[in-house]
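Here's the structure we're looking at; comments come further down.
The values are calculated or read from the model by the stated rules, or taken from the named source; none is laboratory data. No experiment lies behind these values; they were computed from the predicted model shown. When we count neighbours, we look across all protein chains shown, and the Cβ atoms used for this are built from the backbone with ideal geometry, even at glycine.
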Amino acid sequence: MNISSAIFDRSAPDLASCPDESLPEFAFIGRSNVGKSSLLNLLAGQRGLARVSPTPGFTKLINIFTMNKTWRLVDLPGFGFAQVARADRTLFNQAVNDYLLHRPNLCCVFALLDSGLPPQELDLNFVEWLVRNAVPFVLVFTKTDRGTPEAVAANIAAFTASIAGWFELLPEIFQCSSTTGQGRSELLAVIGATLAAGPAAAEPLPPAALLPPEIEPPFSLRVRAGNVLEKNPRARKRFKGARPW
């Protein structure tokens, strides 16, 4: 896939402030300082599209970019940041919760993980939350240039081993580096294949999960053990009318 244009659309404080649902969207999210903004700039081919800050948790709004005038990249606030007031942190998490659960044109979530770290509780909890709420996603291990190939492989293996029991088939896994450019073509290929699939891509299948659904959908990043339901009470809002993609 070639990126011919990348235009900032808006920063939305909540789901209601997001643009209309006429274009398919691909959302990126991860713990603070995982390299999300740098990765978005790499994908777009524009160094300054998403603002990169040395301060963890800098992204506090839902930032939306229109790509090739036909689809959108969505930069979601990172979770786990500490330099925000507790009340604001709750608001940001609710905004992300609403977006992930109720955005009908969301095609896929790219869940970013730091390849230089062993499995982190926040990351594991977030992936489990995605699974329980049937949100389609792939895993992207970032900063692969900062560690040895052996260390990166060991951390990825440890993470996949931690989540393997949740799936019949593991989600797709990618490695990337905004410094070397590794992974750019693979991630764009995921987006391109989804767009090429046509209207069916608007209702993507999540990874085949073995976990029971969550009782409540709040984006608290706290997963309760032992909650087993026969039917998921969450019903994702569906887009009504013809889709342009």
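Here are a few things to note about the model shown:
- Residues of the stretch 135-170 classified as part of a helix (DSSP H, G or I) and touching a Pro at 6+ places or on another chain (Cβ under 7 Å), total: 4
- The number of residues in the stretch 13-39 that are crowded, with 17+ Cβ neighbours inside 10 Å, modelled with pLDDT under 95, part of a loop (DSSP other than H, G, I, E, B) and not polar (S, T, N, Q) comes to 2.
- Residue count, the stretch 112-128 (criterion: under 26 Å from Ser11 (Cα atoms) and surrounded by 21 or more Cβ atoms within 10 Å (Cβ to Cβ)): 5
- Unique match (being at pLDDT 95 or above and surrounded by fewer than 18 Cβ atoms within 10 Å (Cβ to Cβ)) among Ala208, Ala200, Ala158: Ala158
- Cβ pairs under 7 Å, 6+ apart, first in the stretch 132-150 and free of Cβ contacts under 8 Å to residues at least 60 places away in the same chain, second of a type in the set (Val, Ile, Thr) and in a strand (DSSP E or B): Leu139/Ile173
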